[in-house]
Each structure stands twice: as structure tokens, then as C-alpha cells.
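Accompanying notes for the structure given below.
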Amino acid sequence: MIQDDYLLRLIARFQEGMARIAENKRQGDMKKAHHEAGELLNDVFGLHPTFLQTVSEYELQASLRAGKVFNAQKALMMAELLGEHAETMRDSGAEEQVYVPVLITSLSVYIQALLDTRKLRTDEHIQNISALCETLDGYTLPVDVLGKLIDYYEKLGKFSEAENVLYEMLEVDEEGAVERGRNFYEALMTLPDEDLDAGELPRSEVEEGLEMLRERGSSC
């Protein structure tokens, strides 16, 4: 009960802060919106904006857990707020090297929430992740985020998109991607043809991909 009350208070503070950010953006005051987003990050999640780029993935994950239980609702709020913070930084004239890492962190946290909790895989959240991916198109994502994306698309049954991310991963971490890819294709081989076709990756292409990785693996 105490934990539930805490989460409800957290959600209320978050919603109030997001409403203020939206109003500042509506008025065209991006600097004030950016300041508000930073204040809200510190108030709700204890993340001071100055140290955002130095916070590790492990530290973020730890802040979203109560013991061994991952708080997916809290993760969704953090992901949304990190996205707002990055966008207001960009619109206030910040350099790419400042706001892009925050967008990547937002994407990583967002994906983790949906991987953890099936009921959160709603059209709205899936569209939000797609929008983040489009914004980050052209940037090299960290290997751990690419791995999460593969898992995410696999969970959604979007096998062709998962394969596209796997190819990206091969460019930055061939050895790790070969092993990850083998597991991916071998799991797909156990599925019926209709599931593979629905995921736009027919069995013939799965077999080709698996054979390609076996060849690359033998040469690593």
C-alpha cells in the first residue's frame, strides 16, 4: 500500500510537470520548457541534468528497481521525460553531442519497459518508440541498445526489422552479433511458416541468414 501511494504521488508530480512543459512549448518558450524538464528529472527521479551524460545504464536500471522488481511504469515516465529533455535541449540550440545521448537513453529505457511488461506494448508506446528510432536514424547506437531493439522487435513479431538491427550490430560488434544472430535465427526456425511470413522474414531468408552467420563465425 505504501509503495502504491508513493507511485501515485510520483505520477501526479510527473503529470503536473509534463503539463507545465507542454504549456511552455505551446508558448514557444523552449528554454523555460528545457529548464522545467531538468527540474522535473531531478525532482521525480533524482537525476540532475548536469550529470545525465555520465549516468551509466546500470545506475539508471538500479533507480528503476525496488529490490529485484523492475518498475515499468516508472521507466515509462523516465523515458518520456528524457525524450522531452533532449528535444527541448535541441530546440534551445544545444549541440548534437549533448542531446543525442539523452535521446538514446530515452529509447533504451522505453524499450526495457516494454520488454519487461507485455501489457505496456500498446499502439501508443510502440509508435513513440518508432518515432525515437526515426529521430536517431543515422546515428550509431550502443551495442546494448541494439541488442534490446532486436529483442523488442522479436517480441512484437517484427522479424524483418529485428534482422535489420542485427545487420547494424554486425557493423559495430561482429563477434557479439554473430552469436546473438545465431540465437535469433535458431529461435525463428522453431516457428511455423505463417508466423515468419507475418513477420516479413520467410523461412528461406531465415535459413540464408543462419548460414551467413555460421560462415562469418567460422572466420572470426
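A compact table of results
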read-out: Given (1) touching a helix residue (DSSP H, G or I) at 6+ places or on another chain (Cβ under 7 Å); (2) at pLDDT below 85, index of the condition MET77 fails; value: (2)
read-out: Residue ID - farthest from the chain's Cα centre (by Cα), chosen from residues in segment 19-73 that are surrounded by 15 or more Cβ atoms within 10 Å (Cβ to Cβ) and among the basic types (Lys, Arg); value: LYS32
read-out: Verdict on VAL165 being at pLDDT below 95, buried (at least 20 other Cβ atoms within 10 Å of the Cβ), of a type outside the set (Lys, Arg) and not assigned by TED's automatic domain parsing to the domain that holds MET78; value: no
read-out: Condition check for GLY199: surrounded by 14 or more Cβ atoms within 10 Å (Cβ to Cβ), in contact (Cβ under 8 Å) with a residue 40 or more places away in the chain and more than 23 Å from the chain's Cα centre (by Cα); value: no
read-out: Members of segment 135-159 found to be surrounded by 15 or more Cβ atoms within 10 Å (Cβ to Cβ), in a loop (DSSP other than H, G, I, E, B) and either charged (D, E, K, R) or in contact with a Lys or Arg (Cβ under 7 Å, 6 or more places away or on another chain) (or both), listed by number; value: LYS158
read-out: Enumeration of residues in segment 192-220 that are outside any helix (DSSP H, G or I) and closer than 21 Å to LYS148 by Cα; value: GLY199, GLU200, LEU201
read-out: Any chance ALA94 is without any contact (Cβ under 8 Å) to a residue 24 or more places away in the chain and either part of a helix (DSSP H, G or I) or not assigned by TED's automatic domain parsing to the domain that holds LEU41 (or both); value: no
read-out: Where a residue in segment 61-78 is within 17 Å of THR122 (Cβ to Cβ) and not assigned by TED's automatic domain parsing to the domain that holds GLY46 and its partner, wherever it lies, is modelled with pLDDT of 80 or more and β-branched (Val, Ile, Thr), with Cβ under 7 Å and at least six apart; value: none
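The values are calculated or read from the model by the stated rules, or taken from the named source; none is laboratory data. This one's a predicted model, so the numbers in the text were calculated from it and none came from an experiment. In this analysis, Cβ positions are derived from the backbone assuming ideal geometry, glycine residues included, and neighbour counts consider all displayed protein chains.
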